[in-house]
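Contents: one structure, followed by commentary.
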Amino acid sequence: MSVRVHTDEETGVTVVTLDRPARLNAIDATTADELRAVWRDLRHDDTTRAVVLTGSGTRAFSTGIDRDTTVPQPNSPYMQDDPLLTVGPKANDLWKPVIAAVEGMACGGAFYLLGECEFIVAGADAVFFDPHTTYGMVSAYESILLAHRMPYGEAARLMLMGTTERLSAERAYAVGLVSELTELGGALSAATACATTIATFPPTAVQGTVRALWTATEATRTAAFAQAPHLITLGNLPPDQQTKLFATRSTDQPRIR
């Protein structure tokens, strides 16, 4: 299994762990299927009142889609499949609160998950970045989700600078992407403490509040998502050119701010 699930029936908190540390918790087709199944199962699990989402190991929360994953596409600009579009809790109609605990790298497709969490707790070594533009790809869904989570200028800089710059946990906290900053290795404990508190409250009130918060930005996000497939189709370089850029990527150390 690529996703581990553990529920503490006493507290009502379920911890969902991306468990591919050798691949920096990158999401392949199997992991994507498992995530969708986990969120759907949790909808019916009344013992779960709050959820913590994290990654295994210390190097990465997740580095997005596994580059070895092949996604067959219809030969039409009107039908493009995104393998990560439905891996998050909201996409699977789960309205229980989900708190992300981030250690290490969170980049690219990881924002599909972070963008659908209620808030993010990060360890001191967490870094956030988006490699899409560096490799000739449009950052569409990721940008849309983050533009609702942080100031526009910060989101724009993060998404446009590609691999040349990384947002530190401290800076992410300063601009509001991260709600709590912990010592190295402390994100999971702190996120679980928050989830444990929330789980003591009446679940219908909590879930209604989650739904209300999501509704606040739902209309604009839905309209933006409708444009994303066309932007990707028009702006992405052909796969062979993307591969060439990836193979010749710079080994310079990115700037961390």
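The values are calculated or read from the model by the stated rules, or taken from the named source; none is laboratory data. If you're wondering where the values come from, they're calculated on a predicted model, not measured in any experiment. Here Cβ is always computed from backbone atoms with ideal geometry, including for glycine, and neighbour counts include all displayed protein chains.
The residues of region 134-174 that are under 17 Å from Ile120 (Cα atoms), in contact with a Phe, Trp or Tyr (Cβ under 8 Å, 6 or more places away or on another chain) and among the acidic types (Asp, Glu) amount to a single one, Glu142. Listed conditions (1) hydroxyl-bearing (Ser, Thr, Tyr); (2) more than 29 Å from Lys90 (Cβ to Cβ); (3) surrounded by fewer than 11 Cβ atoms within 10 Å (Cβ to Cβ) are all met by Thr243, apart from (3).
Scoring Gln253 on the criteria (1) assigned to a loop (DSSP other than H, G, I, E, B); (2) modelled with pLDDT of 95 or more leaves a single failure, condition (2). Taken over region 17-42, residues that are free of Cβ contacts under 8 Å to residues at least 40 places away in the same chain, among the aliphatic types (A, V, I, L, M) and buried (at least 18 other Cβ atoms within 10 Å of the Cβ) amount to 1.
Name the single residue that is surrounded by the most Cβ atoms within 10 Å (Cβ to Cβ) among those in region 184-205 being of a type in the set (Val, Ile, Thr) and over 23 Å from Val102 (Cα atoms). Let's see the steps before the verdict.
Quick first cut of region 184-205, residues of a type in the set (Val, Ile, Thr) only: 192, 196-198, 200, 204.
Adding the requirement that they be over 23 Å from Val102 (Cα atoms) leaves 200, 204.
Numbers: Thr200: 11, Thr204: 8.
In this case the residue turns out to be Thr200.
Taken over region 80-117, the criterion of being aliphatic (A, V, I, L, M), part of a loop (DSSP other than H, G, I, E, B) and more than 10 Å from the chain's Cα centre (by Cα) is satisfied by Leu85, Leu94. Within region 1-16, the set of residues being closer than 19 Å to Thr58 by Cβ and crowded, with 18+ Cβ neighbours inside 10 Å comprises Ser2, Val3, Val15, Val16. Close Cβ contacts (under 6 Å, 6 or more residues apart or on different chains) running from residues in region 149-161 that are touching a residue at least 24 places away in the same chain (Cβ under 8 Å) and under 9 Å from Leu177 (Cβ atoms) to residues that are surrounded by fewer than 20 Cβ atoms within 10 Å (Cβ to Cβ) and of a type outside the set (Lys, Arg) comprise Met150/Val175; Met150/Gly176.
Scanning region 89-103 turns up no residue that is crowded, with 24+ Cβ neighbours inside 10 Å, free of Cβ contacts under 8 Å to residues at least 40 places away in the same chain and of a type in the set (D, E, K, R).
Please go through region 233-250 and give me each residue that is among the hydrophobic types (A, V, I, L, M, F, W, C), at pLDDT below 85 and more than 23 Å from the chain's Cα centre (by Cα), ordered by number.
Ala247
If you check every pair at least six apart or on different chains, which have Cβ atoms under 6 Å apart with a residue in region 221-238 that is touching a residue at least 12 places away in the same chain (Cβ under 8 Å) first and a residue that is assigned to a helix (DSSP H, G or I) and surrounded by 10 or more Cβ atoms within 10 Å (Cβ to Cβ) second? Listed pairs, sorted by first residue: Ala224/Ile144; Ala228/Tyr141.
If only one of Ile144, Ile120 is within 22 Å of Val15 (Cβ to Cβ) and under 14 Å from the mean Cα position of the chain (by Cα), which one is it?
Ile120
State yes or no: is Thr11 polar (S, T, N, Q), touching a strand residue (DSSP E or B) at 6+ places or on another chain (Cβ under 8 Å), over 16 Å from Gly109 (Cα atoms) and assigned to a loop (DSSP other than H, G, I, E, B)? When the stated conditions are applied, Thr11 does not pass them.
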